[in-house]
Amino acid sequence: MLIQPTLDGMKELKLFGMLKAFEGQQALADVRTLCFEERLGLLIDAEITSRDNRRTQMRLKLAKLTHSATIEELEPNRGLERAEIAALATCEWVRRKHNIIITGATGVGKSFLACALANKTCREGFTVHFDRAPRLFQKLAIARADGRYAKVIETIAAKNVLVIDDFGLFNLNEEQRQDLLELVEDRYGRSSLVVTTQMPIEHWHEIVGDPTIADAILDRVVHNAHKLNLKGESKRKEKAKDIQLVQ
């Protein structure tokens with residue numbers, strides 16, 4: 001039997017997972033011992049797995065995470081317990097539309113943890129928008145100026161998880177506090193928010209500026225949030241010490 005027309009058909013139908021599995025089957029000496037239904041089942045499983053992997057890679061690409069971190073790399077240290085890691089890895093917090101607030105000093109690993117959580121979220125089939133706070137507010141300011149504001153807000157709101165990294169590096173102006181309120185309002189009870197910050201929650205009123213808007217933001221973010229406070233010396237300082245020791 002000529003198999004090339006079959007291979008060409010799979011390519012035309014974009015059944016790339018099935019195509020690769022079929023070619024692999026042809027190289028197996030004992031493949032003939034499998035019945036038609038068994039071989040077909042294996043090919044279908046391969047195609048499903050391939051499509052799932054491609055969708056995951058696309059979600060990760062669109063998330064634009066700053067660290068290639070995974071939840072499996074996390075270890076119970078810096079104030080993070082093993083039980084907390086296991087609970088976060090289930091992504092139940094995403095399914096329940098809960099938030100996560102990660103606090104700690106600079107360099108302690110807040111962004112790494114946020115990226116690890118976002119990576120696992122993408123692998124579980126959820127979508128993520130990741131941005132550092134300065135860049136996020138800059139994007140929204142540009143969008144407001146060129147008439148894309150509503151569209152950009154809508155695009156972010158459609159994601160299952162929004163990660164705002166490095167929140168609190170500067171006090172918000174009027175537009176920025178309105179932007180933040182818009183973002184958290186869109187997510188409240190509908191999707192999840194992850195915030196990393198050096199600033200303890202009790203200082204967020206100072207960052208937001210307007211007490212009424214600050215109350216509205218905190219009410220929507222803090223009350224259903226898992227709070228993770230990382231401790232320890234800066235990882236950057238630790239790396240610098242290692243380099244000095246090597247030299």
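The values are calculated or read from the model by the stated rules, or taken from the named source; none is laboratory data. Predicted, not measured: the structure shown is a model, and the values here were computed from it. Here the Cβ positions follow ideal geometry from the backbone for every residue, glycine too, while neighbour counts run over all protein chains shown.
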Of all residues in the stretch 87-109, how many are closer than 23 Å to Lys61 by Cβ and either touching a Gly at 6+ places or on another chain (Cβ under 8 Å) or at pLDDT below 95 (or both)? 2
Some residue of the stretch 79-86 being in the same structural domain as Val222 (by TED's automatic domain parsing) and either within 22 Å of Arg187 (Cα to Cα) or among the β-branched types (Val, Ile, Thr) (or both): yes
Which number in (1) of a type outside the set (S, T, N, Q); (2) at pLDDT 90 or above; (3) out of contact with any helix residue (DSSP H, G or I) (no Cβ under 7 Å at 6 or more places or on another chain) marks the one condition that Ile71 misses? (3)
Do we find that Glu12 is loosely packed, with under 15 Cβ neighbours inside 10 Å and modelled with pLDDT of 85 or more in this structure? yes
What tally of residues in the stretch 133-169 results from selecting those that are surrounded by fewer than 20 Cβ atoms within 10 Å (Cβ to Cβ) and more than 18 Å from Glu182 (Cβ to Cβ)? 1
Residues being of a type in the set (Gly, Ala, Ser) and surrounded by 15 or more Cβ atoms within 10 Å (Cβ to Cβ) - total across the stretch 15-32: 2
Can you tell which of Lys235, Lys159, Lys151, Lys139 is basic (Lys, Arg), on the phi < 0 side of the Ramachandran plot and at pLDDT below 95? Lys235
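So, in the stretch 26-73, how many residues would count as being part of a loop (DSSP other than H, G, I, E, B), free of Cβ contacts under 8 Å to residues at least 24 places away in the same chain and not assigned by TED's automatic domain parsing to the domain that holds Leu15? Show your work before the answer.
So the first thing to find is which residues in the stretch 26-73 are part of a loop (DSSP other than H, G, I, E, B), and the list is 27-30, 34-35, 64-70.
Now restrict to residues that are free of Cβ contacts under 8 Å to residues at least 24 places away in the same chain: 27-30, 34-35.
Among the residues that remain, those that are also not assigned by TED's automatic domain parsing to the domain that holds Leu15 are: none.
Total meeting the criteria: 0.
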